[in-house]
Amino acid sequence: MLSPDHVRVRRRGGELQLLALKGELRERALVIARDLADVARAHVGKSRGELEEAWEGIAVSPRERKLSLGLAKLVEDASEFESGDAEQAAELRREVFALAAQKRATNALSFARDAILDEVATRRGTTPVALEAELYADLRSAQRLIACRAPAPEALVLGYERAQVQAILLRAVRVVAEVGCASADAYRALFRQLKFRRLLYRVHPLEAGGYRLEIDGPFSLFQSVAKYGLELALLLPALEACQKLRLRAEVRWAHQGKPLTFAYEPTVRAGAEQPPRARDEVAELSAGLSELGAGWQIEPAERVLDLPGVGVCIPDLVLRRASDGAAVLVEVLGFWSRASVWQRVELAQKGLGERLLFVVSSRLRVSEDVLEDADEAALYVYKGRINPRTLVRHAERLLDHGGPSPRRAERAR
């Protein structure tokens, strides 16, 4: 992932604009990308410090400096480095420094660095050269390059263009994306990515077709900003895979600066994204429900609940009772913000037309009583991990709609 230092932008009024790579500069970008990758492949087996020093030897103009640094970061991300044994290096330094302190205390005039290294190397059955290499083997500059898997120059430059947009999204307060897909399956794949990334979002259908996604940016949060920002940036390929994409974001590009508007419409449509695997907590819940045995069937939810004038709800699982085929849709909410819970509560209060169970972490400090009297929806607030048996009890009550909630019933007993 690139940092703002790698991004070629300009400010024009209240807008943040990417500088296009075209003409002669694009040709230079391809040359620089090829040279960086070639140098990296030639340095397999050498240290990171040696690689970075060799990269500095590639001639670039001041205008190309950010471009070169960004491409080098992508080549680095596509490479594999091996670190030395940090514990062994620290132990070796303690031994060398202790001996040096002892020698200096007894005879400062005859103190010699090479003699210290030679004595420790003899003790350890190695050479002074090898010993010196191991002395700081845990430092970043000493890491060994063991593989470089950088793509072809054209792919590397295209990757740089996408990575610039991702770096801008890392500083977003709010993102609005209008998307259009060729099929319902494509929409479901996009919505699964939204849920897999645990982003805070609202989905609204557009009159002309497609959907408007309103996504909270990392700079709208008070905590976990970096982690959330990375998840937002990683959503970009899924958005670009849509047939149509118009993205606008409010970003804080400077720490003390005013918010700027960033607009993005890809000129080249990306290929289809690989379907995401289920989120860890959803996969764990699905496995736990399957282990309960007969009585309930579990399957991934394929439907998108579109409530005109209200919003869109995207369940994760379908929990189906074997005895009568009655089904409950289950949505496992993320833990970034309580706002997402209240949005679901509002949907439930306006009528979903389906039985839906919202699963919420206790970290969001929400009570199950919020939907106590709702006919079609319920909250299951869990602490730590989701308990499949408790979830089934909530589903049973939601289907039968009678008597107190499982948790309230337990308290009554």
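Worth a mention:
- Among the residues making up region 1-29, those that are farther than 28 Å from residue 143 by Cβ and either of a type outside the set (D, E, K, R) or in the same structural domain as residue 263 (by TED's automatic domain parsing) (or both) are 9, 13, 14, 16, 17, 18, 19, 20, 21, 23, 25.
- Residues that are part of a loop (DSSP other than H, G, I, E, B) and of a type in the set (S, T, N, Q), drawn from region 43-85: 61, 83
- Inter-residue pairs, beta-carbon under 7 Å, first hydroxyl-bearing (Ser, Thr, Tyr) and in region 158-169, second part of a helix (DSSP H, G or I), 6+ apart: 160/70; 160/71; 160/74
- Residues located in region 187-231, provided they are aliphatic (A, V, I, L, M), surrounded by fewer than 18 Cβ atoms within 10 Å (Cβ to Cβ) and more than 19 Å from the chain's Cα centre (by Cα): 206, 208
- Pairs meeting the criteria (first residue in region 41-61 and surrounded by 14 or more Cβ atoms within 10 Å (Cβ to Cβ), second residue among the aromatic types (Phe, Trp, Tyr), beta carbons under 8 Å, at least 6 apart or on different chains) are 48/81.
- If you filter region 225-262 down to residues that are touching a residue at least 12 places away in the same chain (Cβ under 8 Å) and among the polar types (S, T, N, Q), you find that the one that is nearest to residue 210 (Cα to Cα) is 243.
- Within region 129-157, the set of residues being open to solvent by less than 50 Å² (accessible area, probe 1.4 Å), in contact with a Leu (Cβ under 7 Å, 6 or more places away or on another chain) and without any contact (Cβ under 8 Å) to a residue 40 or more places away in the chain comprises 131 only.
- Answer residue from region 127-152, given it is among the basic types (Lys, Arg) and closer than 17 Å to residue 42 by Cα and is modelled with the lowest pLDDT among those: 144
- Residue 319 falls short on exactly one of the conditions (1) modelled with pLDDT of 65 or more; (2) surrounded by 12 or more Cβ atoms within 10 Å (Cβ to Cβ); (3) not in a strand (DSSP E or B), and that condition is (3).
- Matching residues, region 349-371, being surrounded by fewer than 21 Cβ atoms within 10 Å (Cβ to Cβ), of a type outside the set (Val, Ile, Thr) and outside any loop (DSSP other than H, G, I, E, B): 349, 350, 361, 362, 363, 364, 368, 369
- Cβ pairs under 6 Å, 6+ apart, first in region 372-385 and outside the structural domain of residue 315 (by TED's automatic domain parsing) and part of a loop (DSSP other than H, G, I, E, B), second among the basic types (Lys, Arg) and exposed (fewer than 11 other Cβ atoms within 10 Å of the Cβ): none
- When region 1-37 is filtered for residues that are open to solvent by 30 Å² or more (accessible area, probe 1.4 Å) and in contact with a strand residue (DSSP E or B) (Cβ under 8 Å, 6 or more places away or on another chain), the ones remaining, listed by number, are 9, 10, 11, 14, 15, 17, 18, 19.
- Of all residues in region 378-413, those satisfying the criterion of being among the small types (Gly, Ala, Ser) and at pLDDT below 90 are 378, 384, 402, 403, 405, 409, 412.
The values are calculated or read from the model by the stated rules, or taken from the named source; none is laboratory data. Please read all numbers here as calculations on a predicted model, not as lab measurements. For neighbour counting, all protein chains shown are included, and Cβ atoms are generated from backbone atoms with ideal geometry for every residue, glycine included. Surface areas here come from the heavy atoms of the whole protein model, side chains and all, with no ligands, DNA or RNA. Shrake-Rupley method; radii C 1.70, N 1.55, O 1.52, S 1.80 Å.
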